[in-house]
Amino acid sequence: MNSGVGLASLSAYPGYTGPTTLLGSVLLSSSSSGLSLNGFLQSSESSISGGLHVHSVATPGATSCEAAGVGGHYYPNTSEDPWTSTPKYTTTDTGSSSISFDPIPGFDLAEVSGLAVVAHDAGGDKVACGMISLHPGLASAPISPLPGYSGPLSVLGLAVLEPGVPIPSGPDLGAASLAFSVSVGGLGANAKYAAHVHSGSSCDDPGGHLFLEGGDDPWTAVSLPASGPGAGSTSNLFYMAGGYSFDSGPLAVSGRTVVLHDAAGAKVACGPVSYSGLPPEAPLAPLGSAGLVVAGASFSVLILALLFFANHWGWLGGKGGGDGEQVLEMLQRPSQDGPSPNV
């Protein structure tokens with residue numbers, strides 16, 4: 001039964017003081033076959049395998065793993081622990097790992113909402129944790145190298161998109177905003193990157209930035225450093241104004257593409273955007289509350305951009321992050337006739 005989509009954003013496990021740093025995003029969905037886990041993890045450890053499980057909590061629905069009181073593996077409907085035989089995540093030589101687990105029988109998304117997803121290192125220690133929040137629907141894009149790209153980078157990641165959500169703080173841009181979360185690895189050490197929604201429906205031809213023809217391009221404000229664990233990784237949350245939606249109107253994100261650019265602006269990785277969950281009707285809860293960029297509406301020449309140059313660890317208060325320095329800029333953007341073919 002379709003009960004929506006679960007999302008767990010992983011940061012350091014409460015009290016963990018070991019050498020491994022791991023972040024990531026995990027999407028959970030259920031069907032008649034069971035519970036599926038998909039997503040992306042970035043570790044400071046390369047070429048390792050570890051467990052990724054749903055754990056019970058003492059306080060379901062708590063805002064953090066520390067407040068929730070994480071317990072052991074969650075399996076109330078069977079006498080045998082199914083999590084001991086599920087696949088493990090495996091990191092590449094840059095510490096990245098794309099997650100795609102077959103459905104695990106005996107679970108429904110509704111019953112695990114408010115519980116925790118826990119990642120273990122190769123030795124079994126709990127290194128990262130994220131609370132499962134239930135959303136009516138989400139759009140997502142698994143990111144991999146752009147077709148035909150022959151450069152030195154091997155980028156993997158996940159973008160999660162949620163239009164029509166209120167901005168938790170900062171400028172009041174109304175409900176017509178796009179929460180855009182990107183977690184990527186393999187960008188290269190000390191690199192900068194840019195991530196945008198593009199108008200094309202295929203990574204073979206992703207097109208230009210998705211914004212209203214004749215308006216200002218808000219995506220030109222989105223450029224951040226890669227400073228997470230591993231070689232050139234980052235996880236950031238942006239808020240984009242301008243009337244984006246899941247599947248209706250000229251700014252529908254479903255069926256589009258998410259493109260990553262290197263510091264020179266070249267396209268290096270891409271992912272097709274698809275929607276999963278209930279019909280996109282009800283207002284949705286925000287993906288997060290900090291580590292964000294707010295880019296201005298397409299009808300305005302002046303774009304108000306609230307930039308938090310912090311990686312995932314800074315805005316979640318996890319291990320290994322910065323202090324989430326806040327920069328407020330007024331950016332002058334010239335009017336454009338549409339997406340530029342060069343970006």
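FYI, it's all coordinate maths here, none of it is from the lab. On a predicted model such as this, the values are computed, not experimentally measured, just so you know. Glycine gets a Cβ as well: all are built from the backbone with ideal geometry, and neighbour counts include every protein chain shown.
Using amide H atoms built 1.01 Å from N in the peptide plane, name the residues 5+ places from residue 74, or on other chains, whose amide H lies under 5 Å from its own.
Sorted by chain and number, the residues that satisfy this are 54, 55, 56.
Using a simple charge model, +1 on the beta-carbon of Lys and Arg, -1 on the beta-carbon of Asp and Glu, nothing else, what dipole does the stretch 1-135 show about its Cα centre, in debye to the nearest 20? All intermediate terms of the calculation are to be shown ahead of the outcome.
Working: 2 positive and 10 negative charges, 33 e Å.
For this selection, approximately 160 debye.
Summarise the long-distance tail of P(r) for the stretch 81-228 by giving the % of C-alpha pairs beyond 27 Å. If you can, show how the numbers build up before the last one.
Details: 4081 of 10878 pairs.
When all Cα pairs of the stretch 81-228 are counted, 38 percent exceed 27 Å.
Hey, can you rank 198-204, 126-132, 33-39 by average C-beta count inside 10 Å, highest first? Spell out each step's value before the answer.
Working: 198-204: 17.3, 126-132: 24.4, 33-39: 19.3.
Descending packing order for the listed peptides: 126-132, 33-39, 198-204.
Once you have the Cα-Cα distance between residue 3 and residue 73, take 0.36 nm times their residue separation minus that, and quote the gain in nm to one decimal. Walk me through the intermediate numbers first.
Working: separation 70, 0.36 × 70 = 25.20 nm, distance 2.21 nm.
Net length gain for the segment: 23.0 nm.
Size of the dipole of the stretch 82-157 about the Cα centre, Lys and Arg at +1 and Asp and Glu at -1 on the beta carbon, nothing else charged, in debye to 20? Can you show the working numbers first?
Numbers: 2 positive and 6 negative charges, 23 e Å.
Once rounded to the nearest 20, the dipole reads 120 debye.
So what are the radius of gyration and Dmax for the Cα set of the stretch 48-162, in Å?
16.0, 50
When the chain is fully extended, how far beyond the present Cα-Cα distance does residue 201 get from residue 90, taking 0.36 nm per residue of separation? It would help to have the intermediate numbers written out before the result.
Values: separation 111, 0.36 × 111 = 39.96 nm, distance 2.96 nm.
Extra length available between residue 201 and residue 90 comes to 37.0 nm.
Restrict the search to the stretch 36-133; then list the GluC sites (Glu not before Pro) that DSSP places in a loop and that have at most 14 other Cβ atoms within 10 Å of their Cβ. Don't skip to the end; give the middle numbers.
Numbers: sites: 45, 66, 80, 111; in loops: 45, 80.
Sparse-neighbourhood loop GluC sites (Glu not before Pro): 80.
Which net charge results for the neighbourhood of residue 259, defined as the other residues with beta-carbon distances under 14 angstrom from its beta-carbon, given Lys and Arg at +1 and Asp and Glu at -1?
Numbers: positive: 256, 267; negative: 204, 205, 217, 262.
With Lys, Arg at +1 and Asp, Glu at -1, the net is -2.
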